[in-house]
Each structure stands twice: as C-alpha cells, then as structure tokens.
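Okay, so here's the structure we're looking at.
Here, each number is a calculation from the coordinates, and none is a lab measurement. All figures in this text were calculated on a predicted structure; none of them were measured in a lab. Cβ placement follows ideal geometry from the backbone for every residue including glycine, while neighbour counts extend to all protein chains displayed.
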Amino acid sequence: MNAWEELVQQVRERAADRCEYCRMHQSLQGATFHLEHILPGSLGGPTTLENLAWCCPSCNLKKSARIELEDPQTGQTVRLFHPREDRWLDHFRIEEFGLVGLTAIGRATAEGLGFNEPRRVLIRQAEGQFGLFPPE
C-alpha cells in the first residue's frame, strides 16, 4: 500500500465509513466517498490527516472550496462546520430522518450542503431499514 492509499484508509476508518458532514453511511451510496480538504487546497489547506474529511459526493460538491456560508436564520456569514474542531452533536440534531442545525454554523452547513434534500432523506430512511441510521 502506498502513502496515498494509507492516508485514504486512515481518513475512512476514522470516519467509520460516514460522511463527516451529513453523517450518511457509504454502504448505501451509489458512489465512492471522497477525501475532502476541510480548508481547501486553493486556500492553502494542506493534504494532511488533520485537514482531510471523509465526505459523501453530495456534501463534497456542494461545499466545493467554500469555508463560509450564510446562516439562513440571521443572514450572517459564518464558517462551515469543521469536522476536526467541532463536535457534530453540538451543531446538529436528528429529527426523524432530517438533520436540524442548532447553531449558526449548523444551520448554515445543513442548508448550504443540502442535508435535507428529499433524496438524502430517502437514503436515511433506507439506512434505517439496515440499522445504519441514526448514526451512533
């Protein structure tokens, strides 16, 4: 195994095969999850274990190179949820099969990354049938 493959494996295992943003499990996805730079490389973010997150394609594509989004409740620009610095349960709560932002960071991340798009809610419902939702 080369150094890149080892890095990918470390990030995936640390995340327990779940997107570190929306917490969706990889097993029922139609695509492979991505290594995502929390601080994008285009903004100087390094390719290190501390700056990488396991990310579903939906979250990765919607996040892109953004590190800030608007809080839909206040209109203020806030930073996105940071999987290495923030505790998920401090910013989000699960309501049935939806994810609710509890803080400005949580609301901006949930809205900006489309956590509750109908397709993603259906995937969570399917995860529930297989004992994969809610995440532990």
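Below is a table of values for the structure above.
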item: Along principal axes, Cα extents of the stretch 3-129, largest first, whole Å; result: 42, 37, 22
item: Dipole of the chain [Lys/Arg +1, Asp/Glu -1 at C-beta], most positive-end residue of G106, V121, Q9; result: V121
item: Low-density loop positions, chymotrypsin sites (Phe, Trp or Tyr not before Pro), the stretch 34-136 - DSSP coil, at most 12 other Cβ in 10 Å; result: F130
item: Computed lengthening from E70 to E13, 0.36 nm per intervening residue step minus Cα-Cα distance; result: 17.4 nm
item: Among G101, G75, G112, residue whose mean-square fluctuation peaks in a GNM of the chain (springs only between Cα atoms under 10 Å); result: G75
